[in-house]
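Report on the following structure.
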């Protein structure tokens with residue numbers, strides 16, 4: 001049986017300063033929430049900033065792969081690693 005990890009996070013409504021700014025930038029506008037994969041960085045906002053920057057560079061920077069191809073690679077890597085996210 002697998003169990004979900006419990007990681008302390010700062011909820012959106014309690015975020016202040018840099019964290020509040022980053023949450024506003026990275027908010028999923030369709031659901032009005034910040035994805036959990038980003039919230040795990042909330043105790044150290046600098047890591048959230050750097051995680052988001054890396055993600056945006058990998059997924060959106062010019063290169064030889066289309067956005068669809070990049071997403072397919074991410075899905076395959078997640079499936080191979082049995083990652084439900």
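Values quoted throughout were computed directly from the atomic coordinates according to the rules given, and no laboratory measurement underlies them. These numbers were taken from a predicted model, which means no experiment stands behind them. Cβ sites come from the backbone with ideal geometry, for glycine too, and all protein chains shown count toward neighbours.
Miscellaneous remarks
- Each label was represented as a point 7 Å from its Cα along the Cα-to-Cβ direction; for residue 55 and residue 76 these points are 2.2 nm apart.
- Dimensions of the stretch 12-80 based on its C-alpha atoms, expressed as ranges along the principal axes with the largest first, amount to 39, 23, 22 Å.
- Computing FRET efficiency as 1/(1 + (r/R0)^6) for residue 69 and residue 24, where r is the C-beta to C-beta distance and R0 is 25 Å, gives about 0.25.
- Cβ-Cβ distance of residue 83 and residue 14, R₀ of 25 Å, FRET efficiency by 1/(1 + (r/R0)^6): the value works out to about 0.35.
- MRE, 222 nm, helices only [DSSP H, n ≥ 4, -39500 (n - 2.57), over the chain, to nearest 500]: -15500 deg cm²/dmol
- Added length on full extension, which subtracts the Cα-Cα distance from 0.36 nm per residue, residue 31 to residue 7: 6.5 nm
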